[in-house]
Amino acid sequence: MSQAPQKDGGSPGGRPLLSVRELSVRFRMSGGREIAAVSDVSFDLAPGECLALVGESGCGKSVLASALLGLLPRNAYVSGRALLSGPGARDALDLLAADEATLARTVRGRRVGLVPQSPAAHLTPVRTVRSQLAETVRELTGRKRGELAEATLAAAGRAAFPADHLDRYPHQLSGGLAQRAATALALVGDAPLLLADEPTTGLDRDLVERTVDELRAHTEDGCGLLIITHDLAAAERIADRVAVMYAGRVAELTAAADFFGSPGPRHPYARGLLDALPERAFAPIPGMPPELGDLPEGCAFAPRCARASDACATVPALTGGVACHHPVTATDTAQESGHDIATAPDTDGTPGAAGPYGTAGGDDADGTRQPEGSRA
Amino acid sequence: MTRPTPPALELREITAGYDRAAPVLRGVSLTVGEGEAVGLLGPSGCGKSTLAKVAALLHRPFAGTVHLGGAPARGFRHRAPRAQRTAVGVVFQQPRLAADPRLTLASLIAEPLRATGRRAEAAGRTEELARSVGLGGDLLARRPHEVSDGQLQRACLARALALRPRVLVCDEMTAMLDASTTAALVAVVEDYRERSGAALLAVGHDRTLLERWCDRTVEMAAGAEAGTALRSARRAPADTSAG
């Protein structure tokens, strides 16, 4: 991996770049049905940090991204706050409360760049990459005609899009190049927050790695990266922290090194998801995720969970990074795997100084990337 | 045994593609033994999906022959005789593109039974198939847009198993799916193979997955040329180191 350990990620005063609190999204359907797509999601993202939001398809992670950009359909009802900080204290903006005009003119592309799920569908099919990129450069940076050509070339270069492919149409691009074209568009506005929604779907492993490495490289300039993915290997490769979503809620929010390495996930669902990987136990979690329109009372994972008890009839709060009444402890881990417990770091992590959603803040314990060797 | 059983699937010197002047594959050969699971690996655009389509008799090659259980394929696509066509089950990468949006999941699963005139046994068999892939309850009455990718892919796998194929071709079956659904679908395939002795050709780019899943993997390079033997590797003990 190419990323150097990150410098202290805290902005002045440890202010997070994005602070999401109790974000919920409900879809009202015909017949009075209600879909609870996202429930009570809270997290912080620091400048220069990469947070990976992982979970099964249909767990609400893409809805969350759409909510942050104000791109939800009309029957969606959003509550909570999503504070995006700006250069000055007065530039802070609640993305959930902002009106469409504000979002369209000052947020999308300018303060939040979106790397979309399927770039081939995101690009305009009847125009060349150069034409689309030039338009975006003109709109977002106000370059005049004389310098536009050069600025367009530079914009393509930032996403490693080859200049000799600029005059091609989207259908003439391979999956990897279409992805870079979409990334180039997302980077034009120098947005401090990059939101990547399943940016690697359908790419082969080499391209996945290259794509996420390139995204990660942009955090070196202090960009915050929120990557939404079902690809755990991609998340492990670039994330500082991981948020696991299940049935619209955050089940676990923790440092990537702890999650993928030792002590491992503490939420039984997160543990099951990781154990399902072919390089691990390759064993599926029994059952299927619940319907978001018909969630069970209490913990939504309880019907599939071997550790469930009567306590699980109430929804567990996210405390110390895990939302579970019976989280897996270091002792359980040692018993399961026969590891020497003495070498395992203390798992009873008290919430960091930054609070239960602890971003890097002033304290670098969470936000700093661990050197490669420590994650083996 | 006096005679060795013929391989379940044998592709000999296949040249195939979409333009005769520039075929995607040239003279590629691949054999899947009876009951064997072979993983076909390769980067995007190397022609592995084209080879999978040829193996499933869904794409007529420019040259070369396909043998199923020792018998040469006597046609491709709609010209394939029913007995051969139904001996191969296929699961594609994108369930949304492989499912008729007008059908309920139950009808989707039963489609091969109806198409081969076995409507009478469809009801009971559909339930059995649905249960084997973990689908039940009101999910079966829904249409594709009302279910998740993972649920739809489960239905597509059930459909592929409906006629009890001797060979199963899975072309990037799990590329869109999360780790748990991937492991669940692989378990369904392996359970079926154990009961039926069917062979498997699993196409993909996830080396870790295919090496864990299959008896051996075969590597295809971009623009596979005549005479290039596909590199083959036996299954190694599971590598437990992450990443």
* The one condition in (1) more than 14 Å from chain B (Cβ to nearest Cβ); (2) modelled with pLDDT of 95 or more; (3) more than 15 Å from the chain's Cα centre (by Cα); (4) not in a loop (DSSP other than H, G, I, E, B) that A:ILE227 fails to fulfil -> (3)
* Asked: Here are some conditions: (1) surrounded by fewer than 24 Cβ atoms within 10 Å (Cβ to Cβ); (2) away from every other protein chain (no Cβ under 14 Å); (3) at pLDDT 90 or above. A:GLU214 meets all but one. Which one does it not meet?
  -> (3)
* With respect to the numbered conditions (1) in a loop (DSSP other than H, G, I, E, B); (2) buried (at least 18 other Cβ atoms within 10 Å of the Cβ), which one is the sole condition not fulfilled by B:ASP19? -> (2)
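Among the residues of region A:265-296 satisfying the criterion of being under 30 Å from A:ALA76 (Cα atoms) and facing chain B (nearest Cβ under 7 Å), which is modelled with the lowest pLDDT? Please lay out each step first, then the result.
First pass over region A:265-296, keeping only residues under 30 Å from A:ALA76 (Cα atoms): A:267, A:269-270, A:273, A:287-296.
From what's left, facing chain B (nearest Cβ under 7 Å): A:273, A:288.
On the way: A:LEU273: 94, A:MET288: 87.
This residue is A:MET288.
So, of the residues in region A:51-98 that are of a type in the set (Asp, Glu) and at pLDDT below 95, which turns out to be surrounded by the most Cβ atoms within 10 Å (Cβ to Cβ)?
First, the residues of region A:51-98 that are of a type in the set (Asp, Glu): A:56, A:91, A:94.
If we keep only those that are at pLDDT below 95 too, we end up with A:56, A:91.
Numbers: A:GLU56: 25, A:ASP91: 11.
Once the filter is applied, the top-ranked residue is A:GLU56.
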* **Hits in region A:33-50 (condition: within 14 Å of chain B (Cβ to nearest Cβ) and surrounded by 22 or more Cβ atoms within 10 Å (Cβ to Cβ))** => A:ALA37
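So is B:VAL28 modelled with pLDDT under 95, in contact with an Asp or Glu (Cβ under 8 Å, 6 or more places away or on another chain), among the β-branched types (Val, Ile, Thr) and buried (at least 21 other Cβ atoms within 10 Å of the Cβ) or not? Full working, then the answer.
Working: modelled with pLDDT under 95: yes; in contact with an Asp or Glu (Cβ under 8 Å, 6 or more places away or on another chain): yes; among the β-branched types (Val, Ile, Thr): yes; buried (at least 21 other Cβ atoms within 10 Å of the Cβ): yes.
Yes, satisfied.
The values are calculated or read from the model by the stated rules, or taken from the named source; none is laboratory data. Fair warning: this is a prediction, and the values are worked out from it, not measured in the lab. With ideal geometry, Cβ positions are generated from the backbone for all residues, glycine too; neighbour counts draw on all protein chains shown.
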